[in-house]
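In what follows, a structure is listed as structure tokens, so that the remarks can point back to it.
The values are calculated or read from the model by the stated rules, or taken from the named source; none is laboratory data. In this text the structure is predicted, and so the values were computed from the model without any measurement. Quick reminder, even Gly has a Cβ in these numbers, built from the backbone with ideal geometry, and neighbours come from all protein chains shown. Accessible surface is based on the protein model in full, side chains and every heavy atom, while ligands, DNA and RNA are left aside. Shrake-Rupley method; radii C 1.70, N 1.55, O 1.52, S 1.80 Å.
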Amino acid sequence: MLAELRKRLPSGVRTVRAAFEDLRPDETYGLVFAAAALHWTAPEGRWSRMAALLEPGGVFASFGGPIQLADPAVEEAVRAARAPYLESDGVPSPDGTPPDHAMQWPGTELRRSEWFTGVQQSVIERRLTMSASDYVGHLSTVSAYLMLPAGEREQVFGRILRVLPETVEIDADLTVHLARRRHTP
């Protein structure tokens, strides 16, 4: 993904390939964002590390959300196809926040953090149509599938492709969280 990003960046934008936990900031920024990746970071010290990347008053933004098949019958067929390999392909809330709670993760953690204030959450509703192969391509980026051994992952993707129609409609709402770094923790 970094290679793709680099192809599209204007000159003068610097990228760094590193695990979030290994970043040693040599400067601070007015904006830091995470796109559907924050759940991969270690929870211990997550917010102090994030705050270290931001100048006082800077903004942290996070966005992501599940992509779900819109047709319940297609969703059930996919659930049955993946069942021998995975009970669920959902990403549970890292802090256990229930899906129906008004504030979702990471907003829940940001509100408790000494480093951030002004936490806001917004949902951008999206419904998309994509090919079956593009949908399976998306699944190849989902944590539950990435954790499977490569052979099993290919088998489950084959099973899913066989039950999908040529195109699928998906609900792909984005949940956006914004928080401002406190001037002092």
Checklist entry - If you project the alpha carbons of segment 1-111 onto their three principal axes, what span does each projection cover, largest first, in Å? => result 50, 35, 22
Item to check | Distance cut-off 17 Å, percentage of C-alpha pairs in segment 107-156 lying past it | outcome: 61
Checklist outcome for this item: With Cα coordinates, the longest principal axis of the chain makes an angle with the long axis of helix 150-163, in degrees rounded to 10, of 60
Checklist outcome for this item: What helix-only [θ] at 222 nm does the chain give? Using -39500 (n - 2.57) per DSSP H run of at least 4, over all residues, to the nearest 500, the answer is -8500 deg cm²/dmol
Next on the checklist: Once R0 is set to 35 Å, what does the formula 1/(1 + (r/R0)^6) return for the Cβ-Cβ distance between Asp71 and Val91, expressed as a FRET efficiency to the nearest 0.05?
Outcome noted: 0.95
Checklist entry - Hey, in the GNM for the chain with a 10 angstrom Cα cutoff, which one of Asp89, Asp100, Asp71 fluctuates hardest? => result Asp100
Item to check | Alpha carbon convex hull of segment 61-103, volume per residue in cubic angstrom | outcome: 109
Checklist entry - Most mobile of Ala34, Ala42, Ala81 per a Gaussian network model of the chain (Cα springs, under 10 Å)? => result Ala42
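What's the extension gain from Phe33 to Val13 if we count 0.36 nm per residue and subtract their Cα-Cα distance?
Gain in length upon complete extension: 5.7 nm.
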Item to check | Pairwise centroid distance, computed over Cα atoms, of segment 75-125 with segment 2-60, Å | outcome: 21
Item to check | Stretch gain in nm, segment Arg162-Ser122, where the contour uses 0.36 nm per residue and the Cα spacing is subtracted | outcome: 10.8 nm
Checklist entry - At 20 °C and 1.002 mPa s, what whole-number value in µm²/s does Stokes-Einstein give for the translational diffusion of segment 90-174, with Rh from the Kirkwood sum over Cα pairs? => result 138
Checklist entry - Here are several values of percent of Cα pairs over 20 Å apart: (i) 62; (ii) 54; (iii) 50. Which one was derived from the coordinates shown? => result (i)
Checklist outcome for this item: Using a 1.4 Å probe on heavy atoms of the protein chains only, the accessible area for Glu27 in Å², nearest 10, reads 90
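Find the accessible area per residue for the chain; the probe is 1.4 Å, ligands and nucleic acids are left out, and the unit is Å².
For the chain, the solvent-accessible area averages 61 Å² per residue.
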Checklist entry - Against the longest alpha carbon principal axis of the chain, how many degrees, from 0 to 90 and to the nearest 10, is the axis of helix 72-82 turned? => result 90
Checklist entry - Using 1/(1 + (r/R0)^6) with R0 = 41 angstrom and r between the beta carbons of Asp100 and Ser131, what's the FRET efficiency to the nearest 0.05? => result 0.85
Checklist entry - Normalised by the number of residues in the chain, what is the relative contact order in percent for Cα pairs under 8 Å and 6+ residues apart? => result 31
Item to check | Accessible surface of Met130 - all protein chains present, 1.4 Å probe, nearest 10 Å² | outcome: 40
